[in-house]
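Peer 1: The structure's right below; bear with me while I get my questions together.
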Amino acid sequence: MLELLQYGSSDDDDAGSKTGNDDTNIHLKPLAPGTSIMSLQNKMQICAAPDVVPMGTVDTLRHIDSTTKEVLHNPKYEELFAPEVGPENPFQTRQQKAHKNMLSGFVEQAYISDFQFENQRRTFNSYGYALDPTVDGVTGNGNQIVGATEAAKESDGKTVFETTKERPLDRRKRNKNDNPSDIEGFLGPWGGYTDEQRVMRPNEEEAAELEEILAKRQKRGKQADEKPLEEKTVLHIKDPVDYQGRSFLHAPQDVGVNLKSDSPPDRCFLPKTHIHTWQGHTKGISAIRWFPKTAHLLLSCSMDCRVKLWEVYHERRCVRTYYGHRQAVRDVSFNNDGTQFLSAAYDRYIKLWDTESGKCISRFTSRKIPYCAKFNPDDDKQHLFVAGTSDKKIICWDIRSGEIVQEYDRHLGAVNTITFVDENRRFVTTSDDKSLRVWEWDIPVDMKYIADPTMHSMPAVTPSPNQKWLACQSMDNKIVIFSSLNRFKMNRKKTFSGHMVAGYACTLDFSPDMSYLISGDADGKCYVWDWKTTKLYKKWKAHDNVCIGVLWHPHEASKVVTAGWDGLMKYWD
């Protein structure tokens, strides 16, 4: 191995070692024993950029890119304002070229006491004039006054703290005692007028009103503390099972329609004739629901405190009646397979029933009136249901434990409807506060709040069969359409009008092929609109009183059920 000895020529080199030209001679000699090439390389390394500790302050400004949409650190003041660089703009006016230290111009500090500033401000608000702040001096001569100069001349430029003009209220005599040593009789600023009368007790009429209000509150408290009514059920058909041992929950197969089909009819038609009337409720009906998927049974709840289950095919009998509420039943809702359903009533109870046996499985109450109740449509969340109550909350119960597992408390009025959207990941609620809110499941803060001064309360909401739209019954006698995807924007081109529903929660429904939209009416009429053109196709008198509910059969092309406050349900084809 050889070692690099020298660059260039050496003094002790002999003449014979030099070549004939002036090239540099390189002398090599063997490496010393124990020396490696790596140690030699380490000795010969050159640091081109050594670490240098700065003597002065370091510029630590982190300049922000103009295309950045999110800043992940807390920038300083100097970082937010970059210097103006580049040539001067030749098209700027003198005002634009002027030096500014704020957005609207240049502000320079004025040396004026807080009292003088407040004095002049109040004088200008009260009398319409004040000293000109751009002129030095204190006296109020004509050229130093801004505002109402004539009024300033009449009052000699006096401020509000200098005038002693007597106001009308000052003529009333006050009870005065400003002596702080008089502990018992000291009045200070609380001394009233001598002729002032302070009535501490209500008069007879007000006392009667207060007693009536207190009596109602006590009655409500007693009702809340009352034990729930003992539930019972009545089966109205002879045989609860058929010859094969199947219960009435099993869909019939001899009706000419495949009730288990997932596809809707190819084309729907307007109903023309009245083919059947279900009669059994003694008071007005409040809600009707199809049996899930097959719709061979119809569930109805009424103001007579009862829930009834009806046949849709064959003899169209009343199958079973469920008794269990002290007051009118407001809403009913099936679970996914129809084996259980919820009933929400004005007695502040939500009850879970077994559809086939009629047994009440469990009871739930938050001591508030539930206006709507609905199971979570996901198959793995069938043990959870949500209810909108009169105290502005949406409460989620677990039917296995009977406990409240979540509360959604953001509305400003009673919650009227709950509608699941976006593959059941979200749900939409409407309320008496005239707003529509969108929630992520199990997150108690609304992700979307829709409210507009032109919006009204929407007590009935129905999703379209393709899950793209929400049809909302508005209290200004219109049906408004919201998108149920992403932005939940109102479709202002689609507004259905012509009926009278102000003050009533008349439900609405789509035809299975989405060609028609039907709705009830306060006059007992049923209205049918074309979905694409929003044109009113047909209306007919369906009930003697309010037509509160309408349902289009999901497997039939032209069959519609209507329910009214006359206690009847009518079948149209």
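The values are calculated or read from the model by the stated rules, or taken from the named source; none is laboratory data. Here the structure is a predicted model, which is why all the values come from computation and not from measurement. Cβ coordinates were reconstructed from backbone atoms using ideal geometry, including for glycine residues, and neighbour counts include every protein chain displayed.
Peer 1: Would you be able to tell me the number of residues in region 505-524 that are surrounded by fewer than 19 Cβ atoms within 10 Å (Cβ to Cβ) and more than 25 Å from Ser263 (Cα to Cα)? Give the steps one after another, and end with the answer.
Peer 2: Taking region 505-524 as the starting set, the residues that turn out to be surrounded by fewer than 19 Cβ atoms within 10 Å (Cβ to Cβ) are 513-515, 522-523.
Subsequent filtering for residues that are more than 25 Å from Ser263 (Cα to Cα) retains 522-523.
Of the residues in region 505-524, 2 are surrounded by fewer than 19 Cβ atoms within 10 Å (Cβ to Cβ) and more than 25 Å from Ser263 (Cα to Cα).
Peer 1: Here is a follow-up. I'm trying to understand the selection: among the residues of region 249-265, which are without any contact (Cβ under 8 Å) to a residue 12 or more places away in the chain and more than 28 Å from Gly358 (Cβ to Cβ)?
Peer 2: Passing the criteria: Gly256, Asp262, Ser263.
Peer 1: Also, quick follow-up: Could you please give the count of residues in region 528-568 that are over 18 Å from Pro465 (Cβ atoms), assigned to a loop (DSSP other than H, G, I, E, B) and free of Cβ contacts under 8 Å to residues at least 40 places away in the same chain?
Peer 2: Summing the residues that are over 18 Å from Pro465 (Cβ atoms), assigned to a loop (DSSP other than H, G, I, E, B) and free of Cβ contacts under 8 Å to residues at least 40 places away in the same chain in region 528-568 gives 5.
Peer 1: Then there is this: Of all residues in region 164-191, which are modelled with pLDDT under 80, assigned to a loop (DSSP other than H, G, I, E, B) and not acidic (Asp, Glu)?
Peer 2: If the condition is that a residue be modelled with pLDDT under 80, assigned to a loop (DSSP other than H, G, I, E, B) and not acidic (Asp, Glu), then Thr164, Lys165, Arg167, Arg172 are the ones that fit.
Peer 1: Of everything in region 328-357 that's in a loop (DSSP other than H, G, I, E, B) and among the aromatic types (Phe, Trp, Tyr), which residue is farthest from Ala460 (Cα to Cα)?
Peer 2: Within region 328-357, the match that is farthest from Ala460 (Cα to Cα) is Tyr349.
Peer 1: Take Lys272 and decide whether it is surrounded by 12 or more Cβ atoms within 10 Å (Cβ to Cβ), basic (Lys, Arg) and in contact with a Phe, Trp or Tyr (Cβ under 9 Å, 6 or more places away or on another chain).
Peer 2: no
Peer 1: Residues that are outside any strand (DSSP E or B), of a type in the set (Asp, Glu) and not assigned by TED's automatic domain parsing to the domain that holds Ser519: does region 394-402 have at least one? Show your work before the answer.
Peer 2: Filtering region 394-402 for residues outside any strand (DSSP E or B) gives 399-402.
This time we only want the ones that are of a type in the set (Asp, Glu), so: none.
The answer is no, given that none of the residues of region 394-402 is outside any strand (DSSP E or B), of a type in the set (Asp, Glu) and not assigned by TED's automatic domain parsing to the domain that holds Ser519.
To keep it simple, each residue is scored yes or no on (1) of a type in the set (D, E, K, R); (2) within 25 Å of Lys374 (Cα to Cα).
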{"residue": "Leu270", "(1), (2)": "no, no"}
{"residue": "Gly284", "(1), (2)": "no, yes"}
{"residue": "Val312", "(1), (2)": "no, yes"}
{"residue": "Arg317", "(1), (2)": "yes, no"}
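Peer 1: Say we look at region 535-563 and pick out the residues that are surrounded by fewer than 23 Cβ atoms within 10 Å (Cβ to Cβ) and small (Gly, Ala, Ser); which of these is farthest from His499 (Cα to Cα)?
Peer 2: Residue satisfying both the conditions and the ranking: Ala557.
Peer 1: Please work out if Lys493 is assigned to a strand (DSSP E or B) and modelled with pLDDT of 95 or more.
Peer 2: Criteria not met by Lys493.
Peer 1: Please find, among Ser457, Ser483, Ser474, Ser435, the residue that is without any contact (Cβ under 8 Å) to a residue 40 or more places away in the chain, out of contact with any Phe, Trp or Tyr (no Cβ under 9 Å at 6 or more places or on another chain) and not charged (D, E, K, R).
Peer 2: Sole residue among the options that is without any contact (Cβ under 8 Å) to a residue 40 or more places away in the chain, out of contact with any Phe, Trp or Tyr (no Cβ under 9 Å at 6 or more places or on another chain) and not charged (D, E, K, R): Ser474.
Peer 1: Could you grab me the full set of residues in region 417-431 that are farther than 16 Å from Trp469 by Cβ and surrounded by fewer than 22 Cβ atoms within 10 Å (Cβ to Cβ)?
Peer 2: If the condition is that a residue be farther than 16 Å from Trp469 by Cβ and surrounded by fewer than 22 Cβ atoms within 10 Å (Cβ to Cβ), then Asn424, Arg425 are the ones that fit.
Peer 1: Given the conditions (1) on the phi > 0 side of the Ramachandran plot; (2) modelled with pLDDT of 95 or more, report the number of the one that Thr417 does not fulfil.
Peer 2: (1)
Peer 1: Considering only residues that are free of Cβ contacts under 8 Å to residues at least 40 places away in the same chain, polar (S, T, N, Q) and part of a strand (DSSP E or B), which ones fall in region 358-393?
Peer 2: Selection gives Thr389 alone.
Peer 1: Identify all residues within region 67-97 that are exposed (fewer than 10 other Cβ atoms within 10 Å of the Cβ), modelled with pLDDT under 80 and part of a loop (DSSP other than H, G, I, E, B); write none if there are none.
Peer 2: Scanning region 67-97 gives Phe81, Pro83, Glu84, Val85, Gly86.
Peer 1: Looking at Lys374, is it charged (D, E, K, R), modelled with pLDDT of 95 or more and under 18 Å from Glu440 (Cβ atoms)?
Peer 2: Judged against the criteria, Lys374 is a match.
Peer 1: Evaluate the following for Met455: is it among the hydrophobic types (A, V, I, L, M, F, W, C), modelled with pLDDT under 95, assigned to a loop (DSSP other than H, G, I, E, B) and under 29 Å from Pro292 (Cα atoms)? Quick ask: steps written out before the conclusion?
Peer 2: Working: among the hydrophobic types (A, V, I, L, M, F, W, C): yes; modelled with pLDDT under 95: yes; assigned to a loop (DSSP other than H, G, I, E, B): yes; under 29 Å from Pro292 (Cα atoms): no.
It is false that Met455 is among the hydrophobic types (A, V, I, L, M, F, W, C), modelled with pLDDT under 95, assigned to a loop (DSSP other than H, G, I, E, B) and under 29 Å from Pro292 (Cα atoms).
Peer 1: Mind telling me which of the residues Leu229, Leu299, Leu210 ends up being of a type outside the set (Val, Ile, Thr) and assigned to a strand (DSSP E or B)?
Peer 2: Leu299
Peer 1: Something else now. Would you confirm, using the coordinates I've provided, whether Phe488 is closer than 28 Å to Pro292 by Cα, assigned to a strand (DSSP E or B) and aromatic (Phe, Trp, Tyr)?
Peer 2: When the stated conditions are applied, Phe488 does not pass them.
Peer 1: Can you name the condition, by its number, that Ile548 falls short on among (1) more than 26 Å from Ile275 (Cβ to Cβ); (2) out of contact with any Asp or Glu (no Cβ under 8 Å at 6 or more places or on another chain)?
Peer 2: Every listed condition holds for Ile548 apart from (1).
Peer 1: Looking at His325, His250, which is the one that is part of a loop (DSSP other than H, G, I, E, B) and either modelled with pLDDT of 95 or more or crowded, with 19+ Cβ neighbours inside 10 Å (or both)? Quick ask: steps written out before the conclusion?
Peer 2: On the way: His250 fails: either modelled with pLDDT of 95 or more or crowded, with 19+ Cβ neighbours inside 10 Å (or both).
Every option except His325 fails the conditions.
Peer 1: Which residues, taken from region 106-131, are in contact with a Phe, Trp or Tyr (Cβ under 6 Å, 6 or more places away or on another chain) and not in a helix (DSSP H, G or I)? Spell out the reasoning first.
Peer 2: Initially, region 106-131 is screened for residues in contact with a Phe, Trp or Tyr (Cβ under 6 Å, 6 or more places away or on another chain), giving 119, 130.
Of everything in region 106-131, just one residue is in contact with a Phe, Trp or Tyr (Cβ under 6 Å, 6 or more places away or on another chain) and not in a helix (DSSP H, G or I), namely Ala130.
Peer 1: Output the number of residues of region 98-124 satisfying the condition of being of a type in the set (Val, Ile, Thr) and modelled with pLDDT under 85.
Peer 2: Residues meeting the conditions: 2.
Peer 1: Right, something else. Of the residues Cys318, Cys360, Cys305, only one is more than 30 Å from the chain's Cα centre (by Cα) and over 23 Å from Gln279 (Cβ atoms); which? So that I can check it myself, show each step before the final result.
Peer 2: On the way: Cys318 fails: over 23 Å from Gln279 (Cβ atoms); Cys305 fails: over 23 Å from Gln279 (Cβ atoms).
Selected residue: Cys360, the only one of Cys318, Cys360, Cys305 that is more than 30 Å from the chain's Cα centre (by Cα) and over 23 Å from Gln279 (Cβ atoms).
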